[in-house]
Amino acid sequence: MYIYEKAPAKINLMLDVLHKRNDGFHEVEMIMTMVDLADRLTLSDPGSSRISLSSQSGYIPLDDKNLAVRAARLLRQRFGVSRGVHMHLEKRIPVAAGLAGGSSDAAAALRGLNRLWELGLSMAELEELGAELGSDVPFCVRGGTALATGRGERLEELPNPPRCWVILAKPPINVSTADVYGNLKAAEIDVHPSASGMRQALERGSFADVCGGLGNVLEDVTLKLYPDVGRLKGVMEHLGADGVLMSGSGPTVFGLVSKEEKAKRICNGLRGFCAEVYAVRTLG
Ligand code: ATP
């Protein structure tokens, strides 16, 4: 028996950091939404107790460092499962890009193993387990669009943004999320994007207001460390995207575009500046 799970990428429509907590994590407010660029995870029973992973990608670890493998080990240990799994990951989401590829793979592994091993866990239980693997995993378990608070694990469902094109451009830089947070001085942020403003834009279904409310306090940090990200943002704005923002801790920059013709033009224009460009859609 084979089980298939899609692991979509996410973008942050807004990301704010409120303060650094005593446990070392940052208290955040993020509004995230899934886009239709996805990894594909196939799970099968190996007929033994082995947990293994294969992938066509040369950019990810295949051992216990891989979040999908860690998800399998966590479930097995927590629920005393003796069965194994072979997972094949068709990686399409760029790695270390700010698109939560690893977190989404972990979430897909949790959902898929819940079915393969017939654990009968609820979505809420899977989200809670996901929080042990990473702050973005609970959102990736649930999908859709949500406001995430705490360190990212407390979720409130929001309406999806109006259907539009999302142009993703990833410069050839690998950004470490830990480095970006390490360089952030939370107390010195002077402009905070508004979670309530973005929530209202989504509730109104207003594409213009969603574009107007985009904001990410990690942008300044990453742009200082990697000026190429700022240049790419400038190009995307110059080419006429309706709203432009860096996703997560970067370095992927995304542009929201309502019209297909314009999206094509922007993609073509970007190709001279950036090798990795994707035109995808929000999930409506
Ligand atoms: P986020 O937006 O959540 O910060 P990201 O998109 O920046 O995530 P990932 O693609 O998840 O970053 O990869 C971050 C690191 O995690 C990589 O350096 C990689 O070695 C490791 N990793 C572990 N498991 C995976 C996986 N399944 N896919 C991709 N990277 C993985």
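The values are calculated or read from the model by the stated rules, or taken from the named source; none is laboratory data. Just so you know, these numbers come straight off a predicted model, no measurement behind them. Glycine gets a Cβ as well: all are built from the backbone with ideal geometry, and neighbour counts include every protein chain shown.
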Residues of the stretch 122-159 being assigned to a loop (DSSP other than H, G, I, E, B) and either at pLDDT below 95 or under 15 Å from the mean Cα position of the chain (by Cα) (or both), in sequence order, are LEU133, GLY134, SER135, ASP136, GLY143, GLY144, ARG151, GLY152, GLU153
Looking across the stretch 72-107 at residues that are in contact with a helix residue (DSSP H, G or I) (Cβ under 9 Å, 6 or more places away or on another chain), of a type in the set (A, V, I, L, M, F, W, C) and under 18 Å from SER122 (Cα atoms), the single one that is nearest to the ligand (Cβ to nearest atom) is ALA106
Residue in the stretch 148-155 that is more than 12 Å from the ligand (Cβ to nearest atom) and free of Cβ contacts under 8 Å to residues at least 24 places away in the same chain present: yes
The condition from (1) among the β-branched types (Val, Ile, Thr); (2) part of a helix (DSSP H, G or I); (3) away from the ligand (no atom under 16 Å from the Cβ) that VAL69 misses is numbered (3)
Going through (1) within 12 Å of the ligand (Cβ to nearest atom); (2) crowded, with 24+ Cβ neighbours inside 10 Å one by one, LEU110 fails only at (1)
Condition set part of a loop (DSSP other than H, G, I, E, B), within 13 Å of the ligand (Cβ to nearest atom) and modelled with pLDDT under 95, scope the stretch 24-59, selection surrounded by the fewest Cβ atoms within 10 Å (Cβ to Cβ): answer is GLY58
field: Residue match in the stretch 182-197 (condition: farther than 30 Å from LEU270 by Cβ, of a type outside the set (D, E, K, R) and touching a residue at least 24 places away in the same chain (Cβ under 8 Å))
entry: yes
Taking the stretch 134-144 and keeping only residues that are surrounded by fewer than 24 Cβ atoms within 10 Å (Cβ to Cβ) and either under 16 Å from VAL69 (Cα atoms) or not small (Gly, Ala, Ser) (or both), one is left with GLY134, ARG142
